[in-house]
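Chemist: Sharing a structure, written as structure tokens. Questions coming.
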């Protein structure tokens, strides 16, 4: 099973890599797009490493994340909107590079890559803290409320990490236009959280009390 799971993960990562390459380099009209290569490196190398760690430490979690499929209609809409946002943001970054339109200095891209990697570490910590974490909105068998560590600060630390990840991506690519497009992630994630909390309040014992104890959803003292 582990070997099969390994090849499934490799296939999915490779497919994702090729899709992102096409979205970036085709609009750019060249492979000589340093910011794009920087993003590909910091995005897929840690992703590959995380997959290896999950396969060794928790293959069940890796399998669950590879084969996740949303059942909630609201979340299907969120996924479609997210896909449109990513396609538009990556294509815009390529076009901005091609026509040298509102591009940021490469030094800014390097600084943003550091922030991106820090958010990746935060995401890994969330995975470590919450064994029930899933790509889909669901209440799992024997699931309990996690209220320690990052979950004692905000109710959705995973979305905090993805918010930083996604908003730093266009900066790594050096594109102001791409960053503006990625700001649409904020209302998209708000829609996802609203539905997720409705599901958790109905199906997870103690979640309503947890909401009262931990006031902030994503960003401490702000949201």
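The values are calculated or read from the model by the stated rules, or taken from the named source; none is laboratory data. Note that the structure is a prediction, hence the values are computed from the model and not measured. Because the Cβ atoms are built from the backbone with ideal geometry, glycine has one as well, and the counts that use them run over all protein chains shown.
Chemist: Return yes or no: is residue 111 at pLDDT 95 or above and in contact with a strand residue (DSSP E or B) (Cβ under 6 Å, 6 or more places away or on another chain)?
Modeler: For residue 111, the condition - at pLDDT 95 or above and in contact with a strand residue (DSSP E or B) (Cβ under 6 Å, 6 or more places away or on another chain) - is not met.
Chemist: Check the range 181-199 and report whether any residue there is touching a residue at least 12 places away in the same chain (Cβ under 8 Å), closer than 17 Å to residue 90 by Cα and not in a helix (DSSP H, G or I).
Modeler: yes
Chemist: Could I ask something else about it? Taking the criterion of being on the phi < 0 side of the Ramachandran plot and not in a helix (DSSP H, G or I), would at least one residue in the range 2-18 satisfy it?
Modeler: The initial filter retains those residues of the range 2-18 that are on the phi < 0 side of the Ramachandran plot, namely 2-18.
Still in the list and also not in a helix (DSSP H, G or I): none.
Taking every residue of the range 2-18 in turn, none turns out to be on the phi < 0 side of the Ramachandran plot and not in a helix (DSSP H, G or I).
Chemist: Can you pull out every residue in the range 158-176 that is surrounded by 23 or more Cβ atoms within 10 Å (Cβ to Cβ) and in contact (Cβ under 8 Å) with a residue 60 or more places away in the chain?
Modeler: 169, 170, 172, 173, 174, 175
Chemist: I've got another one for you. Scan 118, 92, 124 and give me the residue that is touching a strand residue (DSSP E or B) at 6+ places or on another chain (Cβ under 9 Å), modelled with pLDDT of 80 or more and at negative phi.
Modeler: After ruling out the rest, the residue left standing is 92.
Chemist: Does residue 216 meet the test of being at pLDDT 90 or above and part of a helix (DSSP H, G or I)?
Modeler: Spelling it out, it is not the case that residue 216 is at pLDDT 90 or above and part of a helix (DSSP H, G or I).
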